[in-house]
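So the structure is just underneath, and the comments pick up after that.
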Amino acid sequence: MHRQQNRTIVIISLLTIIAGIIVIIGWISNVPALQSIVPGFVAIKLNAAICFVLFGCALFFTQYQTKKYNTLLFFTLSLLGTLIGFVTILQDLFHIDTGIDQFFITDHTARSPKFPFPGRMAFNSSVNFLLLGLGLLALTTKRRSFYIISQCFFHAVSILSAIVLIGYLYGVSLFRTIFFITSMPAHTAILFFILSVSASLLNPSIGITSLFTGKLVGNQMAKRLFALMIIMVIIFGSLRVQTHRFLLFSSLDTGISLLAVCFLIISLVIIWNTAIWLNKIDAKRSEAEAQVKLMNVELEKRVKSRTAEFQKSEEKYHSLIEQASDAIYLLDAKGNFTDVNASMCKMMDYSKEELLQLNIESIIDPEELKADPLPKRLDNPARSAVRERKFVRKDGTVFIVEVNVKMFADDRIMVIARDITDRKKMETELRDAELKFRTIADKSMVGIYIVQNGKYIYVNPRFAEIFDYEPVELINTVPLETIIHENYRAITTEHVRQRMAGEVESVFYETKGRKKNGEANWVEFYGSRAIIGGIPTIIGSMLDITNRKKAQEELKSSEQKYKLLFESNPLPLWMIAKDNLSIIAVNDAAANLYGYTKDELLTMSVAQLRPAEDMEQQLERYRKEASGLTDTGPVRHLKKDGSLMFVEVIAHDIIFEGRSVRLSLTNDITEKLKAEESLQKSEANLQAILKTTDTAYALFDVDLKVLAFNQKATEFVKEQYNHIPQKGDLLVDHFPPDKFPQLINASSDVLKGNNVNFEVDYTRADGTVLWYYVRLFPITNDNKKILGMLMALYDITERKNAEQDLKSAYKRIQSHINSIKDMAWKQSHLIRSPLANLKGLAAMLKDNPSDNEVFDHIQTELNRMDAIIIEMAEDASDHDIS
């Protein structure tokens with residue numbers, strides 16, 4: 001349902017949507033001023049506002065159909081509005097309440113006999129919504145009959161809303177309450193009227209709308225008269241309202257009379273306006289007729305002038321025919337010559353009078369006439385026909401001519417003939433040359449092409465094969481850049497343009513091609529400019545150089561890799577010419593090591609890097625051939641600052657750019673030699689320590705075979721097992737499980753990376769016990785890989801004996817302490833009895849200080865306590881804790 005956009009429909013649909021939204025906001029926010037839009041008017045019901053928004057949106061979508069779901073959205077919106085109107089009508093007809101009136105917002109308007117259902121729209125409003133919705137739904141079909149029905153619905157809404165408006169203007173309540181008691185608000189009627197009118201503009205060629213949308217004079221007059229009539233109705237209504245409001249006329253007859261006078265006056269104005277407008281149209285028509293007459297006069301003058309010019313041109317025409325280089329002759333309907341020019345006479349060796357006595361068939365080869373007789377009439381008389389014929393001269397010579405035949409309206413025939421014997425000979429020679437060219441080109445292993453007007457007019461099979469095409473797929477079909485890779489089309493197109501424009505005669509270049517399957521390849525084009533048939537042409541050849549480019553890329557990549565390897569190598573690398581010992585190439589590592597810049601080294605000789613006394617040795621080494629990787633051993637080299645260093649040189653002789661060159665690597669081993677010297681000293685010191693220490697050391701590999709041991713270890717094994725240890729012995733040979741049961745288990749734990757310490761006792765043959773402290777360490781490299789195990793044995797027999805003596809003394813002391821505790825407990829028990837008696841006697845004496853008997857008892861208890869203390873002292877003196 002695609003229609004041309006109508007600005008009126010867009011504006012009215014937007015106004016309707018805005019008005020409906022304002023009313024909806026007024027009901028939601030309970031603002032009465034917004035509910036009626038116009039202050040003082042009756043409020044528009046919420047459902048009516050919703051319907052206006054739905055229909056306004058549906059009408060708006062008919063003007064902007066940019067998405068595939070617009071038709072479905074238009075149908076849905078129209079259907080919803082139609083259903084609301086239909087349900088409202090059913091409620092009024094069958095006196096039911098479905099709840100739709102206050103489904104969204106509760107209308108608190110008081111019920112009354114006039115408004116029994118608050119929130120329900122007027123009956124004629126619901127009828128209009130139903131008619132409007134049915135009209136919009138009918139537009140979703142593609143049948144004209146439905147379009148006519150739709151237009152009738154829209155016109156019905158326009159008429160009903162117009163009747164309501166007239167009822168408001170003229171105070172006729174019957175008009176405002178059509179079909180039912182409730183009346184439609186005036187602003188609702190206005191919205192219905194403009195919405196239905198804009199909807200009818202969707203099909204302006206149907207119904208009453210066609211009367212006002214046409215461009216003919218009648219349509220324009222209808223628009224003017226109807227607009228003026230509407231204005232007249234509005235003015236009469238306004239006059240009626242004002243006279244009624246201000247009570248200007250008390251008599252009804254007076255008012256009617258005044259209304260009649262006003263009607264006549266306004267009708268006169270309408271007639272006067274229409275007459276002026278029609279008079280203007282008539283004046284324009286008369287003016288146009290006058291211009292046409294003037295144009296006819298001018299045309300007649302031009303015809304006379306052209307006739308005179310034609311007579312002159314005809315004379316010129318005869319002169320041109322006579323002077324033309326081509327043979328020209330005229331024939332009548334029977335083929336007889338009626339006129340010939342001088343070139344025709346010369347070509348046929350006849351005089352003009354002789355030819356005018358002949359028929360065309362008398363100068364045509366009889367054999368050709370048998371096979372190809374002259375046509376009675378041309379197939380298309382309006383167009384000239386060109387073909388070849390064999391003519392016979394007066395002396396009987398047969399030759400080929402090209403004739404251009406044109407038939408005139410009076411059945412006369414004009415023929416222009418040209419002797420093409422030489423041209424045919426050249427064409428034959430050209431065909432032979434072309435045959436030779438094609439034979440050579442088609443069998444060639446080189447791609448050959450010809451380009452005209454931006455396309456290939458010829459490619460040989462090899463050319464097409466390189467790009468996986470057949471020749472017919474490229475000839476006069478695709479643009480030139482089809483076989484060129486996207487990244488190279490600009491430069492290729494520029495090469496073609498330069499040759500076509502004549503800026504260059506020939507070019508030779510490489511470019512990347514594009515096969516039929518999209519795969520890229522490399523090709524080499526050579527082409528030169530030529531003119532063939534008056535058309536700039538490029539003729540050239542093409543080679544597939546993909547393999548060559550691949551080899552070049554691989555060689556370049558290899559060179560780059562070797563150069564990168566040479567330049568970025570962390571070790572100093574050199575290329576030395578063997579003939580004069582000059583430095584050809586050197587990397588940054590060498591320059592940094594020797595303290596020079598690369599540019600300085602490239603101007604030097606390698607002899608400058610050696611002490612003078614080593615010169616002869618250096619020359620001798622360069623005289624020898626280094627066919628493999630040769631290590632020259634430590635040699636002395638000099639840095640830029642004159643300091644001496646030792647390097648080892650690994651050299652190999654190669655041929656570089658035709659010269660014998662020694663490729664060498666110098667490794668600074670100065671620190672290495674110092675470290676080795678220091679290591680030798682450290683080893684000597686370590687051997688001295690191992691020989692003088694009282695600890696036995698033994699080194700084992702991961703298979704627990706002996707690798708090294710010191711003198712103390714030798715003495716221990718010899719003393720314990722009467723055996724002198726040797727390299728390669730197993731651990732279990734010296735420490736069997738019955739003597740050292742935990743050693744084997746501990747060794748496996750050490751080989752997992754753990755340190756293990758433990759003590760072990762060993763009973764000798766004479767019954768004495770020896771004690772050893774065993775320490776086991778894993779031996780690892782810089783990568784934490786376990787290479788073996790180190791075992792250290794300490795003789796701790798004296799320490800263990802001292803510990804045993806200390807334990808025995810501790811036990812004796814503990815025994816004396818226990819006996820002292822027993823004695824103290826016993827004596828404290830004996831003292832407690834007299835002491836308790838003394839406390840009681842002291843309390844009695846306090847009550848009666850002069851009691852002698854109490855004193856006697858106290859004396860007795862004191863004596864008993866004294867005897868107990870003396871006994872304790874004697875027992876302590878007899879107890880020996882040593």
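Quote the FRET efficiency, to the nearest 0.05, computed for Phe94 versus Thr274 with a Förster distance R0 of 56 Å and r equal to the Cβ-Cβ distance.
So, using R0 = 56 Å, E works out to roughly 0.65.
Which FRET efficiency value, to the nearest 0.05, is calculated for Arg423 and Lys284 with the Förster distance at 51 angstrom and r the Cβ-Cβ distance?
On the way: r = 64 Å, r/R0 = 1.25.
Taking R0 as 51 Å, the efficiency between Arg423 and Lys284 is 0.20.
Sorted by mean Cβ packing within 10 Å, highest first, what order do the peptides 747-756, 203-212 take?
With the highest mean Cβ count within 10 Å placed first, the list reads 203-212, 747-756.
Applying a 10 Å radius around every beta-carbon, put 768-776, 193-201, 801-809 in order of their mean neighbour count, most first.
Ranking, from highest mean packing down: 193-201, 768-776, 801-809.
Report the calculated FRET efficiency for Ala385 and Glu470 (r = Cβ-Cβ distance, R0 = 35 Å), to the nearest 0.05.
Details: r = 37 Å, r/R0 = 1.04.
Efficiency for this residue pair is about 0.45.
Cut-off under 16 Å on the C-alpha distance; same-chain residues fewer than 8 positions from Lys639 excluded. Which lysines are left, in chain and number order?
Lys598
Sorted from largest down, give the three principal axis spans of the alpha carbons of the range 329-423, whole angstrom values.
Extents along the principal axes: 35, 28, 24 Å.
In what sequence, highest mean first, do 117-124, 44-51, 55-62, 864-871 appear when ranked by Cβ atoms within 10 angstrom?
44-51, 55-62, 117-124, 864-871
Given Cβ point charges of +1 (Lys, Arg) and -1 (Asp, Glu) and nothing else, what value in debye, to the nearest 20, does the dipole of the range 468-519 about its Cα centre take?
Computed charge dipole of the range 468-519: roughly 80 debye.
Any read-out appearing in this document is the output of simple, stated calculations on the displayed coordinates, not a laboratory observation. Fair warning: this is a prediction, and the values are worked out from it, not measured in the lab. Quick reminder, even Gly has a Cβ in these numbers, built from the backbone with ideal geometry, and neighbours come from all protein chains shown.
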